[in-house]
1. Pairs, please: C-beta under 6 Å, at least 6 apart or cross-chain, first residue more than 30 Å from GLY203 (Cα to Cα) and part of a loop (DSSP other than H, G, I, E, B) and in region 45-66, second open to solvent by less than 20 Å² (accessible area, probe 1.4 Å) and modelled with pLDDT under 95?
2. Checking ALA179 against (1) surrounded by fewer than 24 Cβ atoms within 10 Å (Cβ to Cβ); (2) in a helix (DSSP H, G or I); (3) small (Gly, Ala, Ser), only one condition comes out false. Which one?
3. Here is a check on your reading of the model: is ILE91 open to solvent by 20 Å² or more (accessible area, probe 1.4 Å) and modelled with pLDDT of 95 or more?
4. What are the residues in region 226-241 that are open to solvent by 20 Å² or more (accessible area, probe 1.4 Å) and modelled with pLDDT under 95, if any?
5. Within region 287-307, work out how many residues are open to solvent by 40 Å² or more (accessible area, probe 1.4 Å), over 10 Å from GLY367 (Cβ atoms) and outside any helix (DSSP H, G or I).
6. Got at least one residue in region 418-432 being of a type in the set (Val, Ile, Thr) and over 17 Å from ALA88 (Cα atoms)?
7. Looking at SER361, SER444, can you tell me which residue is of a type in the set (Ser, Thr, Tyr), without any contact (Cβ under 8 Å) to a residue 12 or more places away in the chain, out of contact with any helix residue (DSSP H, G or I) (no Cβ under 7 Å at 6 or more places or on another chain) and over 30 Å from ALA140 (Cα atoms)?
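The values are calculated or read from the model by the stated rules, or taken from the named source; none is laboratory data. Keep in mind that this is a model prediction, so the values were computed, not measured. Cβ coordinates were reconstructed from backbone atoms using ideal geometry, including for glycine residues, and neighbour counts include every protein chain displayed. Just the protein is used for accessible areas: all its heavy atoms, side chains included, with ligands, DNA and RNA removed. Shrake-Rupley method; radii C 1.70, N 1.55, O 1.52, S 1.80 Å.
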Amino acid sequence: EQKQEQGERISVMSFGSSGSHLVPGFAALAWAAPSASMAKDGMGVLVCGGAVVDCIVKPFDEAQRGASRTSLPGSAKVSLGGVARNMAESIARLGGISALLSAIGQDEAGDQLLAAAGKLGINVEHVVQVPGGRTATFTALLDGGGDLVGAVADMAVFDRVEPASIDRAVTSGALRGKALVVCDANLSAATLERVLSSGSDAGVPTWFEPVSVAKAPRGRILHGGQPWHLISPNWDELQAMLGSDLPKPLASEAAEGRLPDAVLRAVDEGRLPGAVLRAVDEALTARLAEHMLLTMGPRGVLLASASAMPPGSTSSGSAPIGLLGSGTRRRVALDVSELLRGAPGAPPAGVVPPLEVEVESLSVTGGRRLWYRLLRPMASVRDTTGAGDALLAGTARAFAHGWPLEEAVLLGLLCAHLTLFVDGAVAPFLTPDLLRRLEVQARSRL
């Protein structure tokens, strides 16, 4: 059924029947539905932001790097994307209850997004279908190594998700039964502030993914406002959220590590320099967030917290892995082939390399800093698109399941790692078993 409210059509649709529409011109576009045996558990996650049709273009020459400045033979692949939609799909595939709050056009692409979400078990009750609007599209150019060279995003439809839209969603129960809300920066600053205040009023932690340098400042909610529970910027996005006029110099034009050259050298030597820690301290002191997950590409991530919570603490008082039960440095080596054994559509053993992470608790005056350093550099990846979305989605899924934040990051890193070796933004072989197997394997290898 459909409900008309103030010029917006709110779609509350059932997708049990066949015959869903395809995006015009892309008859081969499809999605892999999760297994019918995927059981949902625990509290849900509401994901707010972008639902997009992606077109990813990549040259055949795997040795090509950076901008070619000419046409090259290659391939163009169309898939369903958007930061929020990607996260909602990953959470659903991992066995979580996920709901999407977004806007789409009243067109074939929008119908495709709704139908696919229904197949995946994502609740789309709070997706606004805008009459006459264009469903958002994202066209990205990758180099031969799979790194992003440039992109064009048509995201105007998201302006139709307004603070009043959030009020209506909350009134109709969008936050009921939710353990977590995750927002991306495709929404306006005013809408993001309304989501954050609504989550705070309901006692639901609310996270923010900055998406890009241009959109990151939308999440800078100060002047007495409630801080985000967690933000997940890269270096450039963090600088933008701190109000810097221009990002600091990068290692290269490609998004290799999104860190200045001096920082990259220090990280490669096994230490985090003061420039990183000072920027993190500034953000936490300004109360941008209670926690920050600073992403550093192949150098790993830094989880920074304003308060010094004891290792492994959770609201339930239990930690499934015991990641930092003793000492300040732990190493985790994950056998990815074993974790994926029997998963429908999983690649053959050996295609995805093992994931080795060293988790170091850094010495700081206040709060807590955990550096998840990736120990096995990868010579090549298939596609970096969606790796950041997968990192936050995996972390959100484990956190909503009751894992402490510092252990939930490990599932996020695993999901990001898997995404590097598939075409598209979501690994289709994510299953609920991955959460359980990760818990068992990580515990046995500490």
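1. Close Cβ pairs satisfying both conditions: ASP61/GLY144; GLU62/GLY144; ALA63/GLY144; GLN64/ASP143; GLN64/GLY144; ARG65/ASP143; ARG65/GLY145; GLY66/ASP143.
2. ALA179 satisfies all of (1) surrounded by fewer than 24 Cβ atoms within 10 Å (Cβ to Cβ); (2) in a helix (DSSP H, G or I); (3) small (Gly, Ala, Ser) except (2).
3. Working: open to solvent by 20 Å² or more (accessible area, probe 1.4 Å): no; modelled with pLDDT of 95 or more: yes.
No.
4. First, the residues of region 226-241 that are open to solvent by 20 Å² or more (accessible area, probe 1.4 Å): 226, 229, 234.
Those that are open to solvent by 20 Å² or more (accessible area, probe 1.4 Å) and modelled with pLDDT under 95: GLN226, ASN234.
5. The first filter runs over region 287-307 and keeps only residues open to solvent by 40 Å² or more (accessible area, probe 1.4 Å), leaving 287, 290, 297-298, 306-307.
With the extra rule that they be over 10 Å from GLY367 (Cβ atoms), the set shrinks to 287, 297-298.
Those left that are additionally outside any helix (DSSP H, G or I): 287.
Looking only at that region, the number is 1.
6. First, pick out the residues of region 418-432 that are of a type in the set (Val, Ile, Thr): 419, 422, 426, 431.
Within this subset, residues satisfying the condition of being over 17 Å from ALA88 (Cα atoms) are 422.
Yes, some residue in region 418-432 is of a type in the set (Val, Ile, Thr) and over 17 Å from ALA88 (Cα atoms).
7. On the way: SER361 fails: without any contact (Cβ under 8 Å) to a residue 12 or more places away in the chain.
From the options SER361, SER444, the qualifying one is SER444.
Listed here are the residues, each with its yes/no results for (1) touching a strand residue (DSSP E or B) at 6+ places or on another chain (Cβ under 7 Å); (2) at pLDDT 90 or above.
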site: GLY257; (1), (2): no, no
site: PRO260; (1), (2): no, no
site: MET309; (1), (2): yes, no
site: GLU360; (1), (2): yes, yes
